[in-house]
Amino acid sequence: ILKLLHTDRLKDLKSLELFDREAKVLAALDHPAIPRYVDSFTLAEDGKPSAMALVQAFVPGENLAVRMKRGERLSEPQMIDWFAQLLDVLAYLHHLSPPVIHRDVTPKNIILSPDGKAFLVDFGTVQAAVVSASASSSTAAGTFGYAPMEQFVSRAYPSSDLYGLAMTYLAVATGKEPEELPLDGVRVDVRGALSTDARIVLLLDAMTEPDPRHRLGDARLALERI
């Protein structure tokens, strides 16, 4: 699959920086649930650069956002299956050196293939940086409702991706976007939104803690809990 960034449509250089960062990060990744990087190059017209191109292996299937729009509901075993697969992907990304933070884990960026395999796509907002309490990314990023508050002040941690994954689970399981889910104060009311296995409820509750200092931030630990 080919992703193009037309240089004549750029409003600023930030898009070019993010595109270049995405290509470099993808080239270094090796996980079966991340579509394989093939190549990246510059296209030219009349001797002048016209577009940047990124090529990845094509993944058959549909993203979870399409299934939500169609009103399709997955069974609990199917939900837990793709959820566990994505936790494995995040465990891989977050334990790289330096850790890689996706920053946009949402239904539209998770593809389910016909045989039930889950893939994480679109690393356009990825942050590859050593994460510390004071580290910040170069730009704010994320999808409203799925991204935790720290991402909108240009900070991102491994727990930020876990927050996005938990919100994605809730959205797909209920068929409701984050803004439609019940709240308990300033946080999503997991127990009010979802009636399922208590272990899943407790895990999602820990992953959607608004304060990143108290949020579950280890994908391997989350995987062990289910």
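Does any residue of segment 75-84 turn out to be under 30 Å from residue 224 (Cβ atoms), of a type in the set (Phe, Trp, Tyr) and free of Cβ contacts under 8 Å to residues at least 60 places away in the same chain? Yes, segment 75-84 has at least one match. Exactly one residue out of 179, 224 is without any contact (Cβ under 8 Å) to a residue 40 or more places away in the chain, within 18 Å of residue 89 (Cβ to Cβ), not in a loop (DSSP other than H, G, I, E, B) and not aromatic (Phe, Trp, Tyr): that is 224.
Taken over segment 186-219, the criterion of being of a type in the set (Val, Ile, Thr) and surrounded by fewer than 18 Cβ atoms within 10 Å (Cβ to Cβ) is satisfied by 186, 196, 201. In segment 155-166, the residues that are of a type in the set (Asp, Glu) reach residues that are part of a helix (DSSP H, G or I) with C-beta atoms within less than 6 angstrom, at least six apart or across chains, in these pairs: 161/90.
Read-outs: derived from the displayed coordinates by stated rules, not from any lab. All figures in this text were calculated on a predicted structure; none of them were measured in a lab. Please note: Cβ atoms are built from the backbone with ideal geometry, for glycine as well, and neighbour counts cover all protein chains shown.
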